[in-house]
Structure formats: structure tokens, C-alpha cells
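Below: the structure, in C-alpha cells.
The values are calculated or read from the model by the stated rules, or taken from the named source; none is laboratory data. All of these numbers come straight from a predicted model, not from anything done at the bench. Glycine also receives a Cβ, built like all others from the backbone with ideal geometry; neighbour counts cover every protein chain displayed. Each accessible area value is taken on the protein alone, full model and side chains, heavy atoms only, with ligands, DNA and RNA left out. Shrake-Rupley method; radii C 1.70, N 1.55, O 1.52, S 1.80 Å.
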Amino acid sequence: MTDEKMNKFENIEELVKYISSDVKNIIVMTGAGISVSAGIPDFRTPGTGLYSQLEKYDLPYPEAIFSIDYFKKNPKPFYTLAKEIYPGNFCPTPTHYFIRLLEEKGLLLRNYTQNIDSLENEAGINKELIVAAHGNFDTASTIKGKHKINPEEVKTSIMEGEEGWKRMRQKYGELIKPDIVFFGEPLPYRFYELMKEDFVKCDLLIVIGTSLQVQPFASLINLVSEDTPRLLINREKVGNFYKYRDITLIKDCDTGVRELACSLGWSVELLSLIHISEPT
Ligand code: APR
């Protein structure tokens, strides 16, 4: 590796120059941190993360609420939580709109998200450019037969509470759930298919709002080539972002994307996207 490559990205200004001149295929990897300012807690931030607020469910361990084996034995905690977090009451954040702006600039190759809130769709990002690695509420199935069920019928039953989901279990002869990927379930076929073709083409990886604790998603950061720059925007240092080609903005993601947009001369466009969501 020649010297200039070793010091390729000392600071954000150099990265901005690179984005403005050479970049064509940006992959954005996102986690729960990008929806925190929408009012949706992340999972692992001590004190405020979802996993530190589950005492009332009396779980053996916090992640059990999203474990398929635990769900089969005791579905009530998940259904109760699902009623609280069901998409429809939250708005996309500046970070979602920054990703939309990358699409509008023709620079977004793909957004791999771990989030199940579908705020990417709400922000108007083309579904073709989204990989919902951990699924979402858009579709629903029976858990054994994997038979598709009308997601509206599932939403209605979950909103009704215990009555509702027990009625569905009766009707379909087995438990049903939105197509969220539980621990112990495989990720969608689309994830494995697209990652094979996307990461070899990636000329800039941006990772935002994730602790990179969950596999196989977390390992995606190692699929880009050795000299592809990787930008982390996160409240804390995570992953293996210390190589010569890595840049880290350790801060709130909405602040980080606003600063990046400003350096790129995109502030007005970002603001106009953010304002399209505000009630008139
Ligand atoms: N700005 C920047 N970073 C933030 C913000 C914010 N406003 N809020 C939180 N963060 C950071 C946290 O510091 C943490 O590093 O985002 C990260 C969120 O990490 P997690 O809570 O672990 O969420 P995530 O990485 O998405 O979890 C991955 O775990 O339980 C499973 O399936 C679930 O998809 C989820 C997966």
C-alpha cells in the first residue's frame, strides 16, 4: 500500500473532496440510533435503550423478547411491545432524509438497515435501494408454515391486545407475527443475495447509529475492499474503525449528517427534504 493511500483520509474535508469527485456507489449501514430522534429508543444505550426498560415483561434476558424460541413459549411480551412500536406514529429523522438525499444525488447504491420501523420508506427512499436485514412490519406470516397473512389483519389483532392475537392463533392454528427477523431465524434471502453484488462495487461505506453487536449484519463492514473509505457516525466508537481509510464522527447522527451535508454544499436540499415531513 503506497504512502498516500495509507494517509488517504486524514479528515472530513478530504472525504468531502472524495465524495464530490470520485464517489458513485455509497452503501449506508444503519441501526436504531438513527431513529432515536424520532422517539424510538435504541436497544443498548444504558438507561434509555429498550433492553433496559423490559423489567415489566419478566424476561429471562432482554433479547428474549425477539427470540423465536421464547416467543413460541410466551408470545405475550413481544405482542405487547409490538403494540407500542408499531410503525405509523413516527416521522423520519434528518439522518433518514440524508440517505434519501444520497439517492436523489444518484450516489446511493443501497441502505442496509437493521431497523424494523420502516422509516426509510416513510422518508421516500426507493424500496429497491433498501435491505431490511432484520425484516419489518410490512408483511406477516404464520411462524411454522410461513404462510403470508394480511399485515393489516395482524396489525388490528395486535392493537386489540391478548384477545386479538389469541383469536388469530385460533384462526390460523398457529402463532402469527410480522416478518421481523427474530434471534434464531434466518435473515431474508434478499440480504444474502444483494450483499454479494453490492459490497464489491462500494466506493464509500457509511455506518450510522449502530453498536455493530449483531451478526451477520455487523460483519458487512469488512466486505468492502481494503482501500474503500469507511465513515462511522455514531455516539460511541464501535467496530474496527481505526484503519488508515476510516473516518469517525463520534457524535449525534443528525448533527453528523447535517455537518457532512453542509461541507458538501447540500444543506438547503437536506433542509427542504426534512421540512416535507413537517405538518403544514
Ligand atoms: N446518534 C448517533 N448514535 C446514536 C444515537 C444518536 N442519536 N442514539 C444511539 N446511538 C448509538 C448508540 O451509542 C449505539 O452505539 O447507536 C447505537 C445503537 O446500538 P443498538 O442499540 O445496539 O442498536 P442496533 O445496533 O441497531 O442493534 C442491532 O440488535 O436487538 C437487535 O435486532 C435488533 O436490529 C437490532 C440489532
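For region 233-249, check the following and say yes or no: at least one residue is closer than 17 Å to ARG110 by Cβ, more than 13 Å from the ligand (Cβ to nearest atom) and touching an Asp or Glu at 6+ places or on another chain (Cβ under 9 Å).
No: zero hits.
In a helix (DSSP H, G or I), open to solvent by less than 10 Å² (accessible area, probe 1.4 Å) and away from the ligand (no atom under 15 Å from the Cβ): which single residue out of MET195, MET168 fits that description?
The conditions single out MET168.
Could you tell me whether region 114-121 includes any residue that is over 13 Å from the mean Cα position of the chain (by Cα) and open to solvent by 20 Å² or more (accessible area, probe 1.4 Å)?
no
Can you confirm whether VAL181 is within 16 Å of the ligand (Cβ to nearest atom), of a type in the set (A, V, I, L, M, F, W, C) and open to solvent by 20 Å² or more (accessible area, probe 1.4 Å)?
yes
So that you can scan it fast, the table gives a plain yes or no per residue for (1) touching a Phe, Trp or Tyr at 6+ places or on another chain (Cβ under 6 Å); (2) assigned to a loop (DSSP other than H, G, I, E, B); (3) surrounded by 17 or more Cβ atoms within 10 Å (Cβ to Cβ):
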position: SER20; (1), (2), (3): no, no, no
position: GLY33; (1), (2), (3): no, no, yes
position: TYR51; (1), (2), (3): yes, no, yes
position: LYS56; (1), (2), (3): no, no, no
position: LYS72; (1), (2), (3): no, no, no
position: TYR79; (1), (2), (3): yes, no, yes
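Scan (1) more than 16 Å from the ligand (Cβ to nearest atom); (2) at pLDDT 95 or above; (3) closer than 26 Å to GLY124 by Cβ for the single condition VAL257 breaks and write down its number.
(1)
Which of the residues spanning region 101-113 are under 26 Å from GLN213 (Cβ atoms) and open to solvent by 10 Å² or more (accessible area, probe 1.4 Å)?
LEU108, LEU109, ARG110
Going through ILE26, ILE34, ILE65, ILE116 one at a time, which residue ends up being touching a Leu at 6+ places or on another chain (Cβ under 9 Å), in contact (Cβ under 8 Å) with a residue 40 or more places away in the chain and near the ligand (Cβ under 10 Å from one of its atoms)?
After ruling out the rest, the residue left standing is ILE34.
Which of the following residues is of a type in the set (Phe, Trp, Tyr), closer than 23 Å to ARG235 by Cβ and surrounded by fewer than 19 Cβ atoms within 10 Å (Cβ to Cβ): PHE90, PHE98?
Exactly one residue qualifies, and that residue is PHE90.
Inside region 226-242, can you point out the residues that are open to solvent by less than 60 Å² (accessible area, probe 1.4 Å) and out of contact with any Gly (no Cβ under 8 Å at 6 or more places or on another chain)?
Answer for region 226-242, where residues must be open to solvent by less than 60 Å² (accessible area, probe 1.4 Å) and out of contact with any Gly (no Cβ under 8 Å at 6 or more places or on another chain): ASP227, THR228, PRO229, ARG230, LEU231, VAL238, GLY239, ASN240, PHE241.
List, please: which pairs have Cβ atoms under 7 Å, are six or more places apart or on different chains, and start with a residue in region 201-220 that is more than 20 Å from ARG235 (Cβ to Cβ) and within 13 Å of the ligand (Cβ to nearest atom) and end with one that is small (Gly, Ala, Ser) and in a loop (DSSP other than H, G, I, E, B)?
Listed pairs, sorted by first residue: none to list.
So which residues in region 243-274 are assigned to a loop (DSSP other than H, G, I, E, B) and open to solvent by 10 Å² or more (accessible area, probe 1.4 Å), if there are any at all?
LYS243, TYR244, LYS251, ASP252, GLY265, TRP266 - these are the residues of region 243-274 that are assigned to a loop (DSSP other than H, G, I, E, B) and open to solvent by 10 Å² or more (accessible area, probe 1.4 Å).
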